[in-house]
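Accompanying notes for the structure given below.
Please treat every number below as a calculation from the coordinates, not as lab data. These numbers were taken from a predicted model, which means no experiment stands behind them. Quick reminder, even Gly has a Cβ in these numbers, built from the backbone with ideal geometry, and neighbours come from all protein chains shown.
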Amino acid sequence: MRNAYIDALYELAGKDERVLALVADNGAIVYDKFRAAYPGRFINFGIAEANMIGVAAGLASCGKVPFTYTIASFLTMRAFEQIRNDVCMQRMNVKLVGIGAGFVYSNLGATHHATIDMSIMRALPGMTVFSPSGPLEARKITKEAARIDGPVYIRLSVGGSPEIYEADYEFETGKGVILRDGPETVDAAIFTTGGIITEVLKAHGELRHMGINARVVNVHTIKPIDKDIIIASAAKTRVVITVEEHSIIGGLGSAVAEVIAENGIAARFKRIGLQGVFAGGYGTYDDMKEMNGLSANAIVSETIDCVNMK
């Protein structure tokens, strides 16, 4: 996803001289091509995230379109006051790009895990929140962010994320994508977002072999959320499940639950993700997913329990 984002930003800069790349030390090397082509439009602030956001707001006030980039947990928390006051309150056209969504920085520990970033950004007035699930989507979202006049947050997963789409598709902000579906009625509707979608698709295959039909919906836009696809999907089943590499509080699970509750939908509901805790354990990225209940096997088990619940 990271490389897809960088490539898209490079293309945008070639078409629009207002586009700037701002980084807080992290990721400077991957910007080599951008820096060589547009040396006056790349600024490395060092480990000074709050300063980067304040300057980005100032640049936006002068008509520039700054894309700020650093580790998601540091971007959304260390610079939160500047994002809230300088960017959102002033409705500045600043793009916030956080790398390392979820457990990507696995063995660096909970300080580097971005597992409440969607909750934080989703709460801010005027903020659009994107969570791409693969390289193609990351590219499309980067270009879409440039078209949006206002604050945007993009959370990116691992640099070598696998592609989840077999072909190109028409991206639309706030419109979920059905990746897998079943007959007219299904046993469960599973909503997911970000890099964890690879585990969800594996789980879907295993569930199908067990005779359980599920609809899998990729929610690439957390805010504004696609209410229509949530309502329509819930109408096909009695079980609604959300899967996110994030806390279940304030993220995708909360957003889907709000739609279900506000529209009076009767459905069995389960949120799979961090249950109000920091990620536990240390190890590889796959280890972290396994230890925190987000492996394909764990998703299969939770789905079966929910479908079979009396």
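Relative contact order (percent) for the chain, with alpha-carbon contacts under 8 angstrom and 6 or more residues of separation?
It comes to 17 percent, rounded to a whole number.
Count the DSSP beta bridges whose two residues both fall in region 98-244, then state the antiparallel fraction as a percent rounded to the nearest 5.
About 30 percent, rounded to the nearest 5.
Is region 2-156 rounded, prolate or oblate when judged by the Cα gyration tensor, a ≥ b ≥ c being the square roots of its eigenvalues, rounded requiring a/c under 1.5 and prolate requiring a/b larger than b/c?
rounded
Set the Förster radius R0 to 22 Å, insert the Cβ-Cβ distance between SER61 and LYS15 as r into 1/(1 + (r/R0)^6), and round the FRET efficiency to 0.05.
0.50
Which lysines have a Cα lying under 22 Å from the Cα of LYS223, excluding residues fewer than 8 positions away in the same chain?
Cα-Cα hits under 22 Å: LYS95, LYS140, LYS143, LYS175, LYS270.
Trypsin sites (Lys or Arg not before Pro), restricted to region 101-210: which are DSSP loop and have at most 15 other Cβ atoms within 10 Å?
Here the trypsin sites (Lys or Arg not before Pro) that fit, given the DSSP loop and packing criteria, are LYS175.
For LYS236, list the aspartates and glutamates whose Cα falls under 14 Å from its own Cα; do not include residues on the same chain fewer than 8 positions away.
Those aspartates and glutamates meeting the cut-off are ASP181, GLU184, ASP187, ASP228.
Pick from SER119, SER133, SER247: which residue has the top mean-square fluctuation in a GNM of the chain where Cα pairs under 10 Å get a spring?
Taking springs between Cα atoms under 10 Å, the residue moving most is SER119.
So I have [x] 65, 43, 40; [y] 73, 41, 38; [z] 61, 38, 36, and one of them is Cα extents along the principal axes in Å calculated from this model. Which one is it?
The calculated read-out lines up with [z].
Express the relative contact order of region 59-206 as a whole percentage, based on alpha carbon pairs under 8 Å and six or more residues apart in sequence.
Taking the mean separation of contacting Cα pairs over the length of region 59-206, I get 24 percent.
Could you tell me how many degrees, from 0 to 90 and to the nearest 10, lie between the Cα long axis of helix 296-308 and the main elongation axis, the longest principal axis, of the Cα atoms of the chain?
For 296-308 against the chain, the angle is about 40 degrees.
Taking region 177-308, how much of its Cα-Cα pair set, in percent, is spaced more than 23 angstrom apart?
Here the long-distance tail beyond 23 Å is 25 percent of all Cα pairs in region 177-308.
Calculated FRET efficiency, GLU258 and ASP168, Cβ-Cβ r, R0 30 Å, to nearest 0.05?
Calculated transfer efficiency: 0.40.
Within 12 Å, Cβ to Cβ, of ILE304, how many net charges do the neighbouring residues add up to if Lys/Arg are +1 and Asp/Glu are -1?
Spelling it out: positives minus negatives among the neighbours equals -3.
Under 12 Å from the Cβ of SER106, count the other residues' Cβ atoms, weight Lys and Arg +1, Asp and Glu -1, and hand me the total.
-3
Rounded to the nearest 5, what % of the DSSP beta bridges within the chain are antiparallel ones?
15 percent
Let me check I've understood the local charge: for ASP286, count other residues with C-beta under 15 angstrom from its C-beta, Lys and Arg +1, Asp and Glu -1. What total comes out?
Result for the neighbourhood of ASP286: -2.
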